[in-house]
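Participant: After the structure tokens below, expect a handful of questions from me.
The values are calculated or read from the model by the stated rules, or taken from the named source; none is laboratory data. Given the structure is predicted, the values throughout are model-derived calculations rather than measurements. When we count neighbours, we look across all protein chains shown, and the Cβ atoms used for this are built from the backbone with ideal geometry, even at glycine.
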Amino acid sequence: MDINLILRIAVVGILVSILNQILKQSGRDELAFLTSLGGLVLVLFWMLPYITDLFMTIQKLFTLFN
């Protein structure tokens, strides 16, 4: 896994948590929820190739034992 991906995920987490706190303090809980959801979706899209590779590796591992 690349260190850039880990740093990008950390930056998104920090930004989302800061935005969450600001939005909750101003009484905009719905926008805080949408910000969290958007951050989660963004990180999942970044992780999708790695998850796909993991499932392909697991599939190959189990076909070796058949």
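Participant: Which of (1) in a loop (DSSP other than H, G, I, E, B); (2) within 10 Å of the chain's Cα centre (by Cα) does Gly27 not meet, given it meets every other one?
Facilitator: Just one mismatch for Gly27, condition (2).
Participant: Ok, one more. Kindly establish whether Leu42 is surrounded by 11 or more Cβ atoms within 10 Å (Cβ to Cβ) and either touching a residue at least 24 places away in the same chain (Cβ under 8 Å) or in contact with a His (Cβ under 7 Å, 6 or more places away or on another chain) (or both). So that I can check it myself, show each step before the final result.
Facilitator: Working: surrounded by 11 or more Cβ atoms within 10 Å (Cβ to Cβ): yes; either touching a residue at least 24 places away in the same chain (Cβ under 8 Å) or in contact with a His (Cβ under 7 Å, 6 or more places away or on another chain) (or both): yes.
When the stated conditions are applied, Leu42 passes them.
Residue-wise test of (1) among the hydrophobic types (A, V, I, L, M, F, W, C); (2) at pLDDT below 95; (3) exposed (fewer than 10 other Cβ atoms within 10 Å of the Cβ).
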site: Asp2; (1), (2), (3): no, yes, yes
site: Leu15; (1), (2), (3): yes, no, no
site: Gln21; (1), (2), (3): no, no, no
site: Met56; (1), (2), (3): yes, yes, no
site: Phe65; (1), (2), (3): yes, yes, yes
